[in-house]
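Worksheet: one structure, shown below.
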Amino acid sequence: MQSSIHSRPPLSSSEVAWSKRAVARVALWMQRNTPGIYQWYAARENHRWHSEVPFSPLLKPLKQCRVALVNSGGLILDNQQPFNLAVEEGDCSYRVIPGDADPARLVVSHMFYDTHNVELDSGVMLPLAVLNDFAADGKIGSVSPRHFSFSGGIPDPTELIERYAPEVAEAMVSDEVDLAILTPA
Amino acid sequence: MVTLLPEATRKLGVPRTLHFPRPLGTPIGRPGDRQTQAHDLELCVQAAAQLGREKMAEYSGDKLSYPV
């Protein structure tokens, strides 16, 4: 069993200051011990960025849909650049996870949730193996060749809204994705 | 989208969401248990096919309920 990311320095492209690691520990403590207060805080922070969210109805039966997975649990391949967890505004960038990625090569670059379970099994955040089973069983049409990982803990999502999220949306259009399933940390 | 923070998700007006009542960090099934992961992911694709704008399905007590 691996130790939790919170018992060692987080996987980050830049060293994270002790003060920010302390904030992450407080967030974790709240998630465990005062989940209602944490949810109230998250709702208040999220509401600052409220705007009209686009909606696209599903246009095909599931059996014909190509499906992609998008997560904000900070899952990256072990040869990819970790997210920069040190920056104040948060790292809004993303990593591309190929559809045939080996789950054993996925590691976590995130420090604002309890990573214990996802370190045991990345399938709880990015269930690629199960999605491939669904395609083999005919429950969905096919699995997208590309999936996308973001890191959460982003106090200022401006760059996410203006640059990275549209890039990922365009990539999924290019891959002819019909349905994206988002799994948050 | 799966949500583990339904109040925050509702405030943002995110369409087509499925709330699993469990702690952050484990949105799909249990670690090392492909069956529970398949179960939850299947609920996700079903919800995506059935839910409309600004609707949140709730999973509780082994049952999936859709908003009226």
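The values are calculated or read from the model by the stated rules, or taken from the named source; none is laboratory data. Here the structure is a predicted model, which is why all the values come from computation and not from measurement. Please note: Cβ atoms are built from the backbone with ideal geometry, for glycine as well, and neighbour counts cover all protein chains shown.
Residues in the stretch A:146-185 that are in a helix (DSSP H, G or I) and either of a type outside the set (D, E) or within 21 Å of A:H47 (Cα to Cα) (or both): 15 in all. Within the stretch A:111-145, the set of residues being of a type in the set (S, T, N, Q), assigned to a loop (DSSP other than H, G, I, E, B) and within 12 Å of chain B (Cβ to nearest Cβ) comprises A:T115 only.
Only one of the numbered conditions (1) at pLDDT 95 or above; (2) within 23 Å of B:P31 (Cα to Cα) is violated by A:P184, and that is (1). Pairs meeting the criteria (first residue in the stretch B:46-60 and within 15 Å of B:L5 (Cα to Cα), second residue hydroxyl-bearing (S, T, Y) and surrounded by fewer than 19 Cβ atoms within 10 Å (Cβ to Cβ), beta carbons under 7 Å, at least 6 apart or on different chains) are B:A57/B:S65; B:A57/B:Y66; B:E58/B:S65.
Among the candidates A:R146, A:R95, the residue that is among the basic types (K, R), touching a Phe, Trp or Tyr at 6+ places or on another chain (Cβ under 9 Å) and surrounded by fewer than 21 Cβ atoms within 10 Å (Cβ to Cβ) is uniquely A:R95.
Screening A:F83 with (1) more than 10 Å from every other protein chain (Cβ to nearest Cβ); (2) farther than 23 Å from B:D33 by Cβ; (3) without any contact (Cβ under 8 Å) to a residue 60 or more places away in the chain; (4) of a type in the set (A, V, I, L, M, F, W, C) gives one miss only, at (3). For B:G32, the conditions (1) within 21 Å of A:P57 (Cβ to Cβ); (2) facing chain A (nearest Cβ under 8 Å); (3) surrounded by fewer than 20 Cβ atoms within 10 Å (Cβ to Cβ) are fulfilled apart from (1).
Taking residues in the stretch B:8-25 that are under 18 Å from A:F55 (Cα atoms), and partners anywhere that are surrounded by fewer than 21 Cβ atoms within 10 Å (Cβ to Cβ) and aromatic (F, W, Y), the pairs with Cβ atoms closer than 6 Å and at least 6 places apart or on different chains are B:P15/A:F55. Condition check for B:L18 on (1) at the interface with chain A (Cβ under 9 Å from one of its Cβ atoms); (2) among the aliphatic types (A, V, I, L, M); (3) in contact with a helix residue (DSSP H, G or I) (Cβ under 7 Å, 6 or more places away or on another chain): one failure, at (1). For the stretch A:35-49, what are the residues that are within 21 Å of A:A180 (Cβ to Cβ) and not in a helix (DSSP H, G or I)? Hit for the stretch A:35-49 is A:W49, nothing else. In the stretch A:17-34, is there at least one residue being modelled with pLDDT under 90 and part of a loop (DSSP other than H, G, I, E, B)? Yes, the stretch A:17-34 has at least one match. Every test in (1) within 11 Å of another protein chain (Cβ to nearest Cβ); (2) closer than 24 Å to A:L106 by Cβ is passed by A:M30 save one, and that test is (2). Within the stretch A:50-80, if we keep just the residues that are outside any loop (DSSP other than H, G, I, E, B) and within 10 Å of another protein chain (Cβ to nearest Cβ), the residue that is surrounded by the fewest Cβ atoms within 10 Å (Cβ to Cβ) turns out to be A:L62.
The set of residues in the stretch A:106-119 being farther than 21 Å from A:R25 by Cβ and surrounded by fewer than 22 Cβ atoms within 10 Å (Cβ to Cβ) is empty.
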